[in-house]
Amino acid sequence: MAKFSEQMQRIFNRYNTEVDSGPVSLDEVAAWAIDQGLFYPAPKDVIKICRDALADSLRQEKRTDDQGRQYRAKHSVRTTVSGVQLSLWADIDYAPRSFMEKSFSQRRKSITDDSFQLKQDVDHYNDVNRADPPIQMILDFTDDVAEMQAASLEEWKSRKAG
């Protein structure tokens, strides 16, 4: 039996073949898949839907500290307990240091993985489209982070003054 992600990939590929191969909203693909009878959630998916909604909401919760830094309030760590992979969540202001170190390390690894995959994708695109000037991709984010940090501090100062 195919993995769930492979089934979803087949649905998207079938949509590309049967309906439209251009850029498309996943809302359109989902509506089409349901109309075609290609997707129907199992009853246990309600827990997964709720869990995913909780996770999305927790990732968005921000606070501002006394120095004007906006920070994520809730963090997660992926771990395996008794052979079952789980995401454990905690509040940054109360979590033990070991939990936060693992969370930060996992987030950094995720950013590195995304950057590696972006590099692979850009290199592939450039190789396939040699007639066009290559798309340049800078993976050093030092200046980007510094600019965002400065803008965030200025925004906080103006809100505090106003």
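The values are calculated or read from the model by the stated rules, or taken from the named source; none is laboratory data. All values derive from a computational prediction rather than experimental measurement. So basically every Cβ, Gly included, is an ideal-geometry build from the backbone, and we count neighbours across all protein chains shown.
See the values below:
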| item | result |
| --- | --- |
| Conditions (1) closer than 30 Å to Gln70 by Cα; (2) loosely packed, with under 10 Cβ neighbours inside 10 Å: number failed by Ala151 | (2) |
| Criterion violated by Ser76 - all others in (1) at pLDDT below 95; (2) touching a Phe, Trp or Tyr at 6+ places or on another chain (Cβ under 7 Å); (3) among the hydroxyl-bearing types (Ser, Thr, Tyr) satisfied | (1) |
| Search result, residues across the stretch 115-146 that are surrounded by 11 or more Cβ atoms within 10 Å (Cβ to Cβ) and among the acidic types (Asp, Glu) | Asp121, Asp123 |
| Candidates Ala42, Ala33 - the one that is free of Cβ contacts under 8 Å to residues at least 40 places away in the same chain, of a type outside the set (Ser, Thr, Tyr) and assigned to a helix (DSSP H, G or I) | Ala33 |
| Qualifying residues in the stretch 61-87 (those that are closer than 19 Å to Gln106 by Cβ and charged (D, E, K, R)) - the one surrounded by the most Cβ atoms within 10 Å (Cβ to Cβ) | Lys74 |
